[in-house]
Structures are given as structure tokens and as C-alpha cells.
Amino acid sequence: MNQLIRNKYYLYATEFFAGMSVMAVELGASRLLAPYFSSSQIVWTIIIGTIMIAMALGNIYGGKSADKNPDPKRLYGRIAIAAIWIALIPLLGKYVILGIAGLLIITVSNGFLIIAAFAACMVIFVFPLFLLGTVTPSLARFTMDSVDDSGKIVGTLGAYNTIGSIIGTFLPTFVTIPSVGTSVTFLIFALILLLLSILYFISTKQKSIKCIVGILVLIICTIFGAKDSFAFWEPNLLYEGESVYNYLQVKEDEKSVILSTNVLFGVQSILMKNDELTGMYYDYAMAAPLMADVQSKEDPKMLVLGMGTGTYAKQCRKYFPNMQTTGVEIDEKITGLAGKYFELPEDIEVVTYDGRAYLNADKGKYDVILVDAYQDITIPFQMSGVEFFELVREHLTENGVMVVNMNMQTDEPDNICDYLEDTIASVFPEVYTIDVRNNTNCELFATMNPDVLSVYENAVAGMDENALKQFLTDVSGNLKAYEAGNLILTDDKAPVELLGIQVIDSIIEREVAYYKGAFKEQGFDLFFDGNML
């Protein structure tokens, strides 16, 4: 055994960096999958479960391999292969995900998101993490001098692995991913693993094809993989980046500038270049200030939980200039984009905080509170239960109004919107809803004021003639009083991810029904048809 392997500190360093790399890859996996499958608890569960499978299999194989052939060259060769695989993820990962999704979407009837995310994790991440799972049992064999010190050696290796895992958890989250992105994060940890292998083979004066290939792959992936876009098919992106919380994408067309978060489609915020109404749920939510009669108040106040880049705040500023607005946005990078791309006025206050935590700390009262923190299946459970809506109620003025933007409205019974509406109706006696035209959003208005409709109608009648008045007059005729049910969410029980994924699956099933039928008739010729490509 060569001198380097006799140095236990080198072996401990191997254990340390292997543990660090496993956690870094796990966190990188969540960011790689988020633009395609969201960043919900379900996706995290799939990632963690997949990695645990890989590590368990690696532990078993590593132990058997070390007993059968205790040659360190085999271990450091496996580490080099893991480094090569991890380096390739930024370059090829997104294409693998889209290929798997494209195949499954025409073959899977139920649970598409879960199956597609699990399949992507298995294909992309199991193999390199299986190889890293062989590190600990192999090092235990190399490090142990005798049975007498076996407990101490195994414990020390475990400690180094754990410390590395801790640093590998914090470093990507707070340093590398926000500053240089997910792709470069993968490359950084691939380089660390590759250097461990190179150092071993140099010390033994052995040539390693794996290390040479690793260097070439790392160079190629650094040149091409680190600069490629998640949404590589989008030609008009103004910005694409990542924060501690989100994948962020800003794109522009002739009429608007749009922010999408954690998915490669959809609208989280929008700027209309002609300063007209958006045609989206923000316009419906403009009914809330009139329901609260802010026009007749001297100093009305509004709180926006889930400020985004300030679409709603800007609209309210235009039509209700006397209303003071405070926005709460957990993602500071989104707030930065608001000023750069979305023309958010500097005098609109934006607080970087979690919405519920802000309410717990804030003592203010508001005439209007907008809850707009729900994105597809990534509904924060802490902002969906009775306890949260009771907190909102406490921060409303006597006749104040809460407006909630809910996505994923569907006709399926007991869907996620039914749960949210029943929960809100258990807290507020007056609840009204309206479906947003041409999409799956629903706007909900809740208040303690039994005369809210008459207040609203009088306020609309008193408005100056403009496009908003015409629109809100139509809204008045389509508001529906909500009849409460018993589907109640609480802090203790709020299965929002499972409820959300049921809706997403039904939407996907409906949207791809045509292609499934065509695939049954044409087979793989469908993909070469001019209508498909």
C-alpha cells in the first residue's frame, strides 16, 4: 500500500469530500428538476428517496468489493467515474429530463409528475451516488489497522462524512447556487472528486484513463454546460438565474415582460408595455379595494403577501393613488428584478420575509390583504390552513377584505381549491369567488362585512369611466357567494402537494389526450410528423 493511502488524513479527506459532494448533488438535483417538475415537497421526497436507494446499494457493493479486492485503485477509479457523470449533468441533464417527460407523457395515464420526476432522478442521479456510496465501506477497510480500533475508525469516518455533508448542505444553498448557479455547482464538486482521484493516481505513479477522460469532460462541460439555458428553446429571455428559493426567468414579447418562477411556463408577474389591464387575475383582484371602499378613506393601506415584481401593487397605484402599499416577498432577487425589468416604483415598500412570519411580527391593520403566494403545486402549507387565515383576519380593518389568488381550479370534486375555499369560509362569514376567464385561476374575496356587495356596487358606480370600471362592472355580475363545506386545512394537516398534483395530473391528461390518441394510431411516426415537430 502506498504512502498516501497509509496517511489516514487523506482517507478522512476523501470521506469528507464524498459526503460533501453527495449533499451538493442532492441540492443541485432539486434545482435541476424544479423548472420542469416544481420544487414541491413531493419532488424533494422523490430526490431524497432516490438518493437513499443509491447510497444503500453503494454501501452494500462497496463493502463486498473492499472485502473481495481491497485495492484503493478501484475506489478512486469509481470516484473518478462519479466525477465524470456529475460533470455531464449540466450539459445533458435537461435533455434527459425532457426526453423522459416526452416519452412518459404519451404512455402514462396517472401520476405523471411523480413518475417522470422519479424516472429522471433514477436515470440522472442514482449511478454517481451509488458510486459515492461505496466510499465509506471501502475506506473503513483501508483505514483499519486492527479489529481493536475498528469502532474508533468507523466513528471517525462517519464524523468526517457527516461534517462534509453539513458543509455540502449549506455551501450550495447559500453560496454557490445563488452566486454562480446550479450548473457551475455541479462542476465545482465534480472537480473536487476528480482531484481526489488524480492525487491518488499521481502518488502511485499510475496512469488512469478515467482521470484523463474526466479532465477532458470537465473542460468540455465547463465551456458548454455552464452557459446553457434551462429553457434552451426560448430565444427572447431577458434574464435567467437562480436565487436561494427559486429558478427565475424573465422573457419579453411585443406586449409584455413576464416573470416565471420554478417552472418553464406560466406567469408569476407581468408588465404590460401599453399600461393596459393585464387580462389576468390581477384585474379581478382590483375589486378588493372597492369592496373595502378605499376611495372614501383618508389613508387606506394594502398588504401584498407574495409581492413578486409588483404587478398588482402597480395597478393599484394607478387606480387608487391614495392607498399605501406594503409588499412582502421572500425572494430578494425577485425584488431586484422588479426594479430592473418591471418598473416597480421605488416608493412602494417591499419587505424580504415569509408572508406568515411577517404577519406574526407585524402589528398593522390593512384595508386590503392580497394573498398571492400560491404557485401550481408549490402552495406553502403554512399559508393554507385555518391558523393562517385567522392571522390574516386579525390584520384586517373592520370592513377590510382579503383577496386570494388560487390556481388549479377544476371541476373535479374535493380539489385543492375546494379545500382552500372551505378553510377560508370557516374563518370569514362572507366569501365570494369568481373564475378567471380562459385559465385555471380563481379569485376569492373574504370579509367580515355582510354589506360588502352593496359597498362594492356603489364604489364601482362612483368610478370615473375607464376600462377598469367596465371590467369590474362585469365582475360584479359574476361573483358567486360561496357555500362552505367541511374540507378544512390546518397546520397539522394540509396535504396541499398531493391535492395539487392531482389537479396537475388531470390537466396534463386533458391536454395530451390528442397526442395519446395519435400515438396509438401512428406510433413513433408521430414524432416525425410536421404537426409534432
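Of note:
- When we screen 50, 14 for residues that are touching a Cys at 6+ places or on another chain (Cβ under 9 Å), in contact (Cβ under 8 Å) with a residue 40 or more places away in the chain and of a type in the set (S, T, N, Q), the only hit is 50.
- Cβ-Cβ under 7 Å pairs, at least 6 apart or on other chains, region 385-404 side on the phi < 0 side of the Ramachandran plot, far side crowded, with 24+ Cβ neighbours inside 10 Å and charged (D, E, K, R): 397/367; 400/367; 403/443
- Of all residues in region 477-496 being modelled with pLDDT of 90 or more and of a type in the set (Val, Ile, Thr), the one that is farthest from residue 389 (Cα to Cα): 488
- Any hit, region 27-44, residues being farther than 20 Å from residue 185 by Cβ and assigned to a helix (DSSP H, G or I): yes
- Looking across 450, 429, 413, one residue alone is within 32 Å of the chain's Cα centre (by Cα) and without any contact (Cβ under 8 Å) to a residue 24 or more places away in the chain. It is 413.
- Looking at 447, 440, just one residue is at pLDDT 95 or above and of a type in the set (Ser, Thr, Tyr), and that residue is 447.
- Scanning region 386-414 for residues that are of a type outside the set (Val, Ile, Thr) and under 15 Å from residue 444 (Cα atoms) yields 389, 393, 400, 402, 405, 406, 407, 408, 409.
- Yes/no for residue 247 being touching a helix residue (DSSP H, G or I) at 6+ places or on another chain (Cβ under 9 Å), in contact (Cβ under 8 Å) with a residue 60 or more places away in the chain and of a type outside the set (A, V, I, L, M): yes
- You will find that of 276, 329, the residue that is at pLDDT below 90 and charged (D, E, K, R) is 276 and no other.
- Between 310, 336, the distinction of being surrounded by fewer than 24 Cβ atoms within 10 Å (Cβ to Cβ) and modelled with pLDDT of 90 or more belongs to 336 only.
- Considered as a group, the residues in region 465-485 that are small (Gly, Ala, Ser) and over 17 Å from residue 401 (Cβ atoms) include one that is surrounded by the fewest Cβ atoms within 10 Å (Cβ to Cβ), and that residue is 477.
- Among residues of region 405-417, those that are touching a strand residue (DSSP E or B) at 6+ places or on another chain (Cβ under 7 Å) and either among the hydroxyl-bearing types (Ser, Thr, Tyr) or closer than 17 Å to residue 449 by Cα (or both), counted: 0
- The residue of region 13-32 that is modelled with the lowest pLDDT, among those that are over 16 Å from residue 197 (Cβ atoms) and surrounded by fewer than 24 Cβ atoms within 10 Å (Cβ to Cβ), is 31.
The values are calculated or read from the model by the stated rules, or taken from the named source; none is laboratory data. Keep in mind the model is a prediction, meaning the values are calculated, not measured. Every residue, glycine as well, gets a Cβ built from its backbone with ideal geometry; the counts of neighbours run over all protein chains shown.
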